[in-house]
Amino acid sequence: MNASSSTSASDISIVEVHTPHTSFAIAHSFVQDTLQSLFVKLDKKYYVGSLSDDHKVGPGWLKYEWNDSVWNLDDDSDYSIFAWRQRSTNASDATAESAAAPSCVMHMHNPSEPLPSPPAYCNPSFYAFRRPKSPPPASHRSKKAPGRAGSVRSRRSGMSDTSVDTNGLPKHKKDFIDFHNANGVRTILGAIGPVKDVRMLLKKGYRHVYISRSFAKKHGFIPKDAAPGLYGYGGLVNIGKWPITVGRTKTTHSVYLSEETHFDCILGRSFMEQRGIKTDLIDPTNIICMDTGEKLDVELVIIRDGNGEIVTVT
């Protein structure tokens, strides 16, 4: 047998693929295969027996896990980084005495289809449906000095913290209680129109999308010389439709002027319904956009006035 005419066993990796509905595995060579051949192989595997060409796997479908994070796999540049990471990981494990082929984890979802929601089956191995990690055993729990109260701070999604307080409560549950007791709110970074890196309040209590008067004047949404009695002082005023970009997805919404002074932009129910925002009753930072499967980077904020008193955002 001519070894040069075929891929050697040492070049083969097992790719574990998780979709919202099922899981399977394929063999893949990071030496000889390409991103396009990976697309074709996944398409034939997932849609085996299908006569339709409507579901071709391609850009926007794939993500992969590396270093405890989930990364996009959309183009040749992404694939070069993906392949390099896998080869370097496999090389570091080469000294281990094991006959098993190296493996990596990938997630696949058709971006044109919504994610399933209960009572439909949701694959727990798919990254968007994973539950937060359980706290460590009691023997490894950290101990605090008696009599000292724990501080309350904002928390960002994606941070790993499984510490347990003196009452035996996991930190994510304690943060959940503190968040609601202190009238905390969820915020995300996004763009409205040409303005990027805008801190936005995500709140179901509002119906539409709103921007503050000061923000609207600063960025030219309304004239800077707008006088009292105009542009909403007598009630809400629709200032037109503007694109809102959150994550990698842009959607268009009617925007209203607001006298809210704490946030430049408020995303209400119209935004949340259009993007299919899914929240987590246990972890308030776990926010999923059901239209694309994106997990948003959420920061919890507790607003206080000049006297240190908590400000309630209704």
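The values are calculated or read from the model by the stated rules, or taken from the named source; none is laboratory data. Predicted model, so just to flag it, every value in this text is computed and none were measured. Cβ atoms come from the backbone with ideal geometry, glycine included; neighbour counts cover every protein chain shown.
Quick notes on this structure:
- Test: residue in region 179-198 that is more than 23 Å from Arg269 (Cβ to Cβ), modelled with pLDDT of 70 or more and not in a strand (DSSP E or B): yes
- Qualifying residue in region 81-103 (condition: modelled with pLDDT of 90 or more, part of a strand (DSSP E or B) and in the same structural domain as Ala25 (by TED's automatic domain parsing)): no
- In region 210-261, the residue that is nearest to the chain's Cα centre (by Cα) out of those that are modelled with pLDDT of 80 or more, hydrophobic (A, V, I, L, M, F, W, C) and part of a loop (DSSP other than H, G, I, E, B) is Phe221.
- Contact annotation: residue pairs with Cβ atoms under 8 Å, 6 or more positions apart or on different chains, pairing a residue in region 111-135 that is in a loop (DSSP other than H, G, I, E, B) with a partner that is β-branched (Val, Ile, Thr) and modelled with pLDDT of 85 or more, are Pro111/Thr292; Leu115/Ile288; Asn123/Thr19; Asn123/Thr22; Phe126/Thr19.
- Region 8-29: number of residues that are surrounded by 14 or more Cβ atoms within 10 Å (Cβ to Cβ), farther than 16 Å from Met108 by Cα and either in contact with a Leu (Cβ under 7 Å, 6 or more places away or on another chain) or at pLDDT below 85 (or both): 2
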